[in-house]
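A quick write-up on the structure given underneath.
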Amino acid sequence: MNSLDEYDVIVIGAGHAGCEAAHASSRIGLETCLITIHLETIAQMSCNPAIGGLAKGHLVREIDALGGLMGLIGDETGIQFRLLNRSRGGAVQAPRAQSDKALYRLTMKSWLEKTPRLSLFQGIVTKILTKNHQAVGVMTLEGNRIMGKAVILTPGTFLNGLIHIGLQSYAAGRANEPSALELSQNLKTLGLKTFRLKTGTPMRLHSQTIDWQRFIPQPGDNKPVSFSFRTKKKLENKILCHIGHTTPQTHKIILKSLDMSPLYSGKITGIGIRYCPSIEDKVVKFPHHHRHQFFLEPEGVETEEVYVNGLSTSLPFPVQKAILRSIPGLDQAKILRPAYGIEYDAVLPTQLQATLETRQISNLYLAGQINGTSGYEEAAAQGLMAGINVSLKLKNKKPFILGRNEAYIGVLIDDLITKGVEEPYRLFTSRAEYRLHLRIDNADKRLTQYGYELGLIQQDDYDSFLRKQDKINKTMVFLEKGTVKTQAGGKISFKDYLKKPEVRFKNVLEYRQFDDSLTEEEIRHIESEVKYEGYLKRQEIEIARIAKMDRKRIPKGVDFQKIPGLTREVREKLEKSCPRTIGEAKKIPGVTPAAIVNLHVYLKILGRKNVPRGTFRET
Amino acid sequence: MAEDTIIAISTPLGYGGLGIVRLSGTKALPVARKIFKPRKQKIKIQPRHPLLGKMYHFEQKKYFEEAYLTYFPQPHTYTREDVVEISCHGSPVILEEIVRLGIKAGARLAHPGEFTLRAFLSGRIDILQAEAVNDLIQASSLQQAQISFHQLKGSLSSRIMNLRKSIIHILSQIEASIEFPDENLQISKNQILNTLEKTIKGLKQLLDSYDLGKALREGLSLAITGRPNVGKSTLFNALLQTERAIVTPYPGTTRDYLQESLKINNSLFTLIDMAGLSAPSHPVEREGIKRVKKLIAEADGVLLMFDLSRKETSEDIKLLDKLADKRLLILFNKMDLPQKMNTQAIRKRGKNNPSLAISALKGENLDKLRDMIHDRFVPIQDQQEEVILHLRQKLLLEEILVCLEQSCRLLEEGYPEDLAAEELHKTNPLIGQLTGEIQVDDIIKDIFSRFCVGK
């Protein structure tokens, strides 16, 4: 514990981003202070009581492979586990688990409390202190100053948060939690451009007032798959979710009340998330659907609260009650927490570098929903990367950047800082060009080495990882050496046999035993590696080609004004950023592929020995 | 870029007796040897000596055309690389086939201006004006930019746009079923296969109709249109200097459309005279109207005629508006009569389309009209570039077809959907060169507008 209020890293906000950031920087060796408005709400899940899913589950695996916490705590506190797309290709399978919300945050709090070099502190930050455009600390509401060498800001939806229920609204960062208004204004003074976003959350019902017989149960998997590569305990399903549907009566009620909806009446100005539509959105956009699906998800084992996934709304409370009454099975249901919509300030992520450091203020990093993303997993991934990069910077080491071909984390951050955000960003597997390569089964193969080198993966976990790789390699040799007779009379290797769509590893074992106690996960990994091999090889060639072009150096002193075929805007951008390679030039927002080709050709011409005089007209 | 061996047709097509296909690059000679067999088998290819032989289809293993091959070893060539020229009969079909074989044998279709670009890059030619260099670099960046094919055939652009829409549709079906397995979207594999098969069928039809020789033989299509009795058939005859169309003073006499080829200032056009466009009362007319609409949609350009001896009517305005997105030449006919039409207003409404007053009957201003037709409708690139663009498009479409068929096959054989999606994603850079890349956001937007998803 540090008695001086002077730290290496200060993390503002203990949501999913903040927790990963603070844990990472302290593990790497820096004195970290994690400040939160309420210690009780550390790692609070504001919305659905679940982690994972398509693309999100991929992120959790990657966070885990790097040594982050979300996967481990997800497994520890999970109460129902499902592997999505189990019957499909390995690249689109993803783990998902319902979490015990209370247990999740208590477990996270407990782990953070025990993390060396990490100090928790309850306080409301009102200002980020800077000196010469560098972050040097924070100021709290009481007037305390906490100094630090770097600051990571992860305020979630709290910046200038405004809750809407019907046409009533009140300032809040989350239900009945204070909004961070001063901090939001402080950011604007520091020169950061902000914009307004909106999201929403459905109501919570009392389990005993729901007629469960009316709904279709959705059980967990028989053989639960864990998030974390490091989880050793056996996972259990402790609860059931249920599926229900709205009725035409429900839709009538909603349509009648649209003028009381803050979104439809224009009261909310923030841009909403298309990927998490409210029930009003669904009814308005798909009027021909006579029913919409929702899921009843228990929020924990010890609680009676049930989350109604799919009925997010900001309609007034009486209308919410009417909606429930129109659904058989929920007609007697009591609302414990009303549904609401929330508007908040976010920062345009194009102002960030790939390390998540802001361009305007050095040593100030932003992570999580503040960058315009939605989802716990997207936030946690950013928090982890910010925590890692702050530490590397303070230690004067090279930054840690993941490419789009290495991890979904790379896709996420690259999308944010290059394309920016117009509505809350949610990760989809289709956003990844190299989806076949970024699977859940090879996340450790891709990232655990990094995690170990950074100091986030412990030695014994690393040793386990190496043993696993060894096992896999031996199995691959087995597959390459063994042969199967084909119908045509020829021979193919076990590996080529396994490439057939209908063949599984166990079919190969029918030909020859291979006893190396491979787990189901390891078998799935091997199957994926083999079945996607052709495509993966081709993608690797493509990746190498692009990497080669990206590495092409732009010599110092190149006069961008002389390059023909570029717009004035692109020339200005190039001059301002002074990229050293084509790869860097590509990352500048607004520099088009056509401009890159022009640049490339120009560099080739420059490379010639004799450029005829007058070739390039002076402008 | 400079690592590939490039191939292209070097001569204007259609009229000459001779056509030349040129290769440049390190593989020029090996590629040429694969597709050309000299008369005497074991003869040695001497530099700069034309060698008689036959073009050889190495896949079908048959010979098909007599040709001369000349080999120019580097560095004393136009591009300073190895250059091979194959001269043969100037038939577009033959030349195109030679280029395709060359591509199959390892060359790549040259971008427009690429031979010149290589010449410049190797210091072979001196370019003094920056504009020229700019054009070269722009030409090379065509790989990334969209190809403007409105200059070639008007109908193709809409069919290629439809292809793009279909691919987005298929992708959104597959991606939605992958991304939202819990949400009961009821997208079956059969549905996806259905859409795929329909798209493949449409693309095959498009390719079949895509005939370079045909396009060049027929030239650009120009539709003459306007209200009844403005003088369309008179103009038609005047330009052709024949009496082919039936011309009477009563409206609606041209019952059908007439088509005729003519050369205007050395460019080939197909002139189409349409039935007067007004509400049909006769069933024959109604059919004609449908065909007229189709012809106009597919025409490369339209000569929109007005009778300036009468006041403009709302029908005139309507016509002008309907044709707003076509390449127009506005003609005010009957300039031999006193003017009653407000030509200024019509011109304004017709925005950036040029206009001209003529008298088809008296032959006034017709030479000027021929010049204007040429300037307005003939593409800026010379025919060689046009040919390259056309062939490039065809090759792109063929590659897209291969991806679609492969995707179909994967689904049918039980491979996971993400592999089928992978094949479809391969079409992206190809489509990118035709109409613009399909962005991930396009697919995601399509998913969310089509399916009610998202918890």
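The values are calculated or read from the model by the stated rules, or taken from the named source; none is laboratory data. These numbers come from a predicted model, not from an experiment. Heads up, the Cβs are rebuilt from the backbone with ideal geometry, glycines too, and the neighbour counts pull from every protein chain shown. When the accessible area is computed, the model is the full protein with side chains, heavy atoms only, and any ligands, DNA or RNA have been set aside. Shrake-Rupley method; radii C 1.70, N 1.55, O 1.52, S 1.80 Å.
Taking only pairs six or more apart or across chains, which ones have beta-carbon atoms under 8 Å, a first residue in segment A:359-388 that is free of Cβ contacts under 8 Å to residues at least 12 places away in the same chain, and a second residue that is polar (S, T, N, Q)?
A:Arg359/A:Gln351; A:Arg359/A:Gln353
Is it the case that A:Thr140 is touching a strand residue (DSSP E or B) at 6+ places or on another chain (Cβ under 9 Å), surrounded by fewer than 20 Cβ atoms within 10 Å (Cβ to Cβ) and within 23 Å of A:Leu394 (Cβ to Cβ)?
yes
If I ask for residues that are open to solvent by 70 Å² or more (accessible area, probe 1.4 Å) and either at pLDDT 75 or above or more than 28 Å from the chain's Cα centre (by Cα) (or both), which ones from segment A:241-278 would you list?
If we filter segment A:241-278 for residues that are open to solvent by 70 Å² or more (accessible area, probe 1.4 Å), which is where we start, we get A:248-249, A:252, A:255-256, A:259-260, A:264, A:267, A:269, A:271.
Matches in segment A:241-278: A:Pro248, A:Gln249, A:Lys252, A:Leu255, A:Lys256, A:Asp259, A:Met260, A:Tyr264, A:Lys267.
Filter segment A:500-510 for residues that are assigned to a loop (DSSP other than H, G, I, E, B) and open to solvent by 50 Å² or more (accessible area, probe 1.4 Å); which is farthest from B:Glu417 (Cα to Cα)?
Ranking the qualifying residues of segment A:500-510, first place goes to A:Glu510.
Which number in (1) part of a loop (DSSP other than H, G, I, E, B); (2) more than 14 Å from chain B (Cβ to nearest Cβ) marks the one condition that A:Gly451 misses?
(1)
Condition test on A:Gln513, is it farther than 28 Å from A:Leu392 by Cα, surrounded by fewer than 17 Cβ atoms within 10 Å (Cβ to Cβ) and of a type outside the set (Asp, Glu)?
Judged against the criteria, A:Gln513 is a match.
Looking at (1) in contact with a Lys or Arg (Cβ under 8 Å, 6 or more places away or on another chain); (2) hydroxyl-bearing (Ser, Thr, Tyr); (3) within 14 Å of chain B (Cβ to nearest Cβ), which is the one condition that is false for A:Thr115?
(3)
So the check is Cβ under 6 Å with 6+ separation or different chains; which pairs have a first residue in segment A:450-475 that's more than 21 Å from A:Gly387 (Cβ to Cβ) and a second one that's charged (D, E, K, R) and open to solvent by 30 Å² or more (accessible area, probe 1.4 Å)?
Close Cβ pairs satisfying both conditions: A:Lys471/A:Asp516.
Restricting attention to segment B:294-323, which residues are assigned to a loop (DSSP other than H, G, I, E, B), of a type outside the set (Asp, Glu) and touching a helix residue (DSSP H, G or I) at 6+ places or on another chain (Cβ under 8 Å)? So that I can check it myself, show each step before the final result.
Applying the first criterion (assigned to a loop (DSSP other than H, G, I, E, B)) to segment B:294-323 yields B:299-300, B:308-313, B:323.
In the following step, the residues that additionally are of a type outside the set (Asp, Glu) were identified as B:299, B:308-311, B:313, B:323.
B:Ala299, B:Leu308, B:Leu323, listed by residue number.
Working carefully through the options A:Tyr535, A:Tyr497, find the one that is within 14 Å of chain B (Cβ to nearest Cβ), part of a helix (DSSP H, G or I), of a type in the set (Phe, Trp, Tyr) and surrounded by 14 or more Cβ atoms within 10 Å (Cβ to Cβ).
The unique qualifying residue is A:Tyr535.
Considering every residue within segment B:330-349, establish whether at least one is in a loop (DSSP other than H, G, I, E, B), more than 17 Å from B:Gly231 (Cα to Cα), assigned by TED's automatic domain parsing to the domain that holds B:Lys232 and in contact with a strand residue (DSSP E or B) (Cβ under 8 Å, 6 or more places away or on another chain). Explain how you work it out, then say what you get.
Applying the first criterion (in a loop (DSSP other than H, G, I, E, B)) to segment B:330-349 yields B:334-342.
In the following step, the residues that additionally are more than 17 Å from B:Gly231 (Cα to Cα) were identified as B:342.
Now narrow it down to the ones that are assigned by TED's automatic domain parsing to the domain that holds B:Lys232: B:342.
Now restrict to residues that are in contact with a strand residue (DSSP E or B) (Cβ under 8 Å, 6 or more places away or on another chain): none.
No, that holds for no residue.
Of everything in segment A:437-474, what is among the charged types (D, E, K, R) and more than 16 Å from A:Glu529 (Cβ to Cβ)? Give them in sequence order.
A:Glu453, A:Asp460, A:Asp461, A:Asp463, A:Arg467
Within segment B:403-420, can you find the residues that are facing chain A (nearest Cβ under 7 Å) and either assigned to a helix (DSSP H, G or I) or under 33 Å from the mean Cα position of the chain (by Cα) (or both)?
B:Glu417, B:Asp418, B:Leu419 - these are the residues of segment B:403-420 that are facing chain A (nearest Cβ under 7 Å) and either assigned to a helix (DSSP H, G or I) or under 33 Å from the mean Cα position of the chain (by Cα) (or both).
Can you name every residue in segment A:530-566 that is in contact with a Gly (Cβ under 9 Å, 6 or more places away or on another chain), modelled with pLDDT under 85 and within 20 Å of A:His437 (Cα to Cα)?
Within segment A:530-566, A:Ile543, A:Ile546, A:Ala547 meet the criteria.
For segment A:387-432, give me each residue that is assigned to a loop (DSSP other than H, G, I, E, B) and buried (at least 19 other Cβ atoms within 10 Å of the Cβ).
The answer is A:Leu402, A:Arg404, A:Asn405, A:Ala407, A:Val421, A:Pro424, A:Arg426, A:Leu427, A:Phe428, A:Ala432.
Would you check if A:Lys548 is more than 37 Å from the chain's Cα centre (by Cα), closer than 30 Å to A:Lys604 by Cα and among the charged types (D, E, K, R)?
So A:Lys548 fails the test.
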